[in-house]
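Notes follow the structure.
The values are calculated or read from the model by the stated rules, or taken from the named source; none is laboratory data. What you are looking at is a predicted structure, and each value in this text was computed from that prediction instead of being measured. Positions of Cβ are backbone-derived with ideal geometry, glycine not excepted, and every protein chain shown enters the neighbour counts.
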Amino acid sequence: MVKQRRIRAAEGPLARRLAEWRLLVPFTGRVLALQGSHPTVAAGIYQHSDIFKDPWHRARRTFSYGQRLLFGADQAGTAREIRELHRHIKGTGFDGKPYHAWDRRAWTWVHLTTFEATIFSLEKIHGPVAAEDLEALYDDAREVGELYGVRRQDMPEDVAGLRAYVEEGVETLLTHKPLVELVPSLQRLPPPFALPLPGPMWELAILPVTHPAHIVLAGSFPEIIRERWGIRWSFLHELEYQAHLAGLRALSPLPDRLRMLPYPYWALRHRAATPSSSD
């Protein structure tokens with residue numbers, strides 16, 4: 001049994017940065033590449049996820065779980081919910097072999113690439129992170145992984161080992177090319193639940209942002225994944241991607257309430273107003 005404790009990163013100097021909505025921009029593209037190319041993970045997504053029918057609800061639920069794991073009062077309870085949600089996810093993978101979401105290697109890959117995408121996003125928005133802060137954040141990630149069933153012995157000991165693990169996985173594991181093209185799938189997005197526009201009006205509204213969305217997503221892919229997915233990427237595309245990141249970085253002077261997601265913003269305010277107690 002893993003002892004429940006507060007996740008230190010949510011209380012340390014990185015907390016306010018980890019709470020920012022800006023991180024979701026590079027994070028989303030990175031996760032899409034690292035997990036959508038894994039044949040077992042991709043099979044689970046295509047066969048069981050509602051991401052194609054209701055992407056807004058799916059995204060909100062996924063990001064909500066991530067925020068609760070980091071900033072919530074009951075990480076262990078949230079972790080149990082996440083594991084239980086995946087109990088029924090099984091089938092035949094794209095390699096013809098049976099799979100279950102709890103497959104040790106795939107389960108570990110999803111957890112560790114989620115963390116790798118987090119530090120990737122931190123570095124894209126805020127620049128290099130101090131080594132000791134990264135290691136503390138990774139210690140937290142390993143604690144969280146254990147809470148929902150990732151074995152400690154399956155996780156690298158430090159951030160350098162994590163980066164090597166992901167780099168090797170990109171080279172050897174990520175063989176799947178998605179069944180949908182990235183830009184057309186963006187054009188087929190339904191309206192968000194809070195914006196009930198008729199189909200034609202929504203299509204006109206989203207048209208101007210499909211190309212920028214494609215750039216910020218694909219720009220966060222490892223180069224080898226762009227090549228495998230057949231995504232054309234030129235020097236001009238890279239410049240455009242860097243310009244989008246620069247625009248996100250320019251938002252740093254915004255006050256916390258505009259720069260942070262609502263849940264962690266209020267969680268951090270509540271924590272700051274609550275006298276600390278010894279563990």
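Of everything in segment 113-135 that is among the β-branched types (Val, Ile, Thr) and within 23 Å of LEU174 (Cα to Cα), the residue that is nearest to the chain's Cα centre (by Cα) is THR114. When the helices (runs of 4 or more DSSP H) confined to segment 198-255 are screened for residues that are over 21 Å from the mean Cα position of the chain (by Cα), those reaching at least 2 such residues are found at 199-218, 235-249. Going by the structure shown, is ARG228 within 24 Å of GLN67 (Cα to Cα) and basic (Lys, Arg)? The answer is no for ARG228. Only one entry of ARG87, ARG105 meets the criterion of being out of contact with any His (no Cβ under 8 Å at 6 or more places or on another chain) and part of a helix (DSSP H, G or I), and that entry is ARG105.
If PRO98 satisfies every condition in (1) touching a Ser or Thr at 6+ places or on another chain (Cβ under 9 Å); (2) under 21 Å from ALA33 (Cβ atoms) but one, which is the exception? Unmet condition: (2).
Residues in segment 53-83 that are surrounded by 17 or more Cβ atoms within 10 Å (Cβ to Cβ) and in a loop (DSSP other than H, G, I, E, B): 1 in all.
Restricted to segment 229-279, and to residues there that are aromatic (Phe, Trp, Tyr) and modelled with pLDDT under 95, the residue that is farthest from THR175 (Cα to Cα) is TRP266. Restricting attention to segment 248-276 and to residues that are among the charged types (D, E, K, R) and surrounded by 12 or more Cβ atoms within 10 Å (Cβ to Cβ), the residue that is farthest from VAL25 (Cα to Cα) turns out to be ARG271. Please indicate, with yes or no, whether at least one residue in segment 93-101 is outside any loop (DSSP other than H, G, I, E, B) and under 26 Å from HIS244 (Cβ atoms). No; the residues of segment 93-101 include none that is outside any loop (DSSP other than H, G, I, E, B) and under 26 Å from HIS244 (Cβ atoms). Check segment 90-98 and report whether any residue there is among the β-branched types (Val, Ile, Thr), in contact with a strand residue (DSSP E or B) (Cβ under 7 Å, 6 or more places away or on another chain) and surrounded by fewer than 19 Cβ atoms within 10 Å (Cβ to Cβ). Checking segment 90-98: at least one residue is among the β-branched types (Val, Ile, Thr), in contact with a strand residue (DSSP E or B) (Cβ under 7 Å, 6 or more places away or on another chain) and surrounded by fewer than 19 Cβ atoms within 10 Å (Cβ to Cβ).
Among residues of segment 157-177 that are closer than 15 Å to VAL31 by Cβ and modelled with pLDDT under 90, those with a Cβ under 6 angstrom from a residue that is assigned to a helix (DSSP H, G or I) and not β-branched (Val, Ile, Thr), sequence gap 6+ or separate chain, pair up as HIS176/PRO39; HIS176/ALA42.
Listed residues HIS126, HIS86; which is of a type outside the set (A, V, I, L, M, F, W, C), in contact (Cβ under 8 Å) with a residue 60 or more places away in the chain, touching a helix residue (DSSP H, G or I) at 6+ places or on another chain (Cβ under 9 Å) and surrounded by 15 or more Cβ atoms within 10 Å (Cβ to Cβ)? When all the criteria are applied, what remains is HIS126. Would you point out the residue of segment 13-52, among those that are within 28 Å of ALA136 (Cβ to Cβ) and small (Gly, Ala, Ser), that is surrounded by the most Cβ atoms within 10 Å (Cβ to Cβ)? The residue in question is ALA33. Just one of the listed residues (GLU203, GLU223, GLU181) is modelled with pLDDT of 90 or more and acidic (Asp, Glu), and it is GLU223. Being modelled with pLDDT under 95 and touching a strand residue (DSSP E or B) at 6+ places or on another chain (Cβ under 8 Å) is the requirement here; does ALA76 meet it? In short, no.
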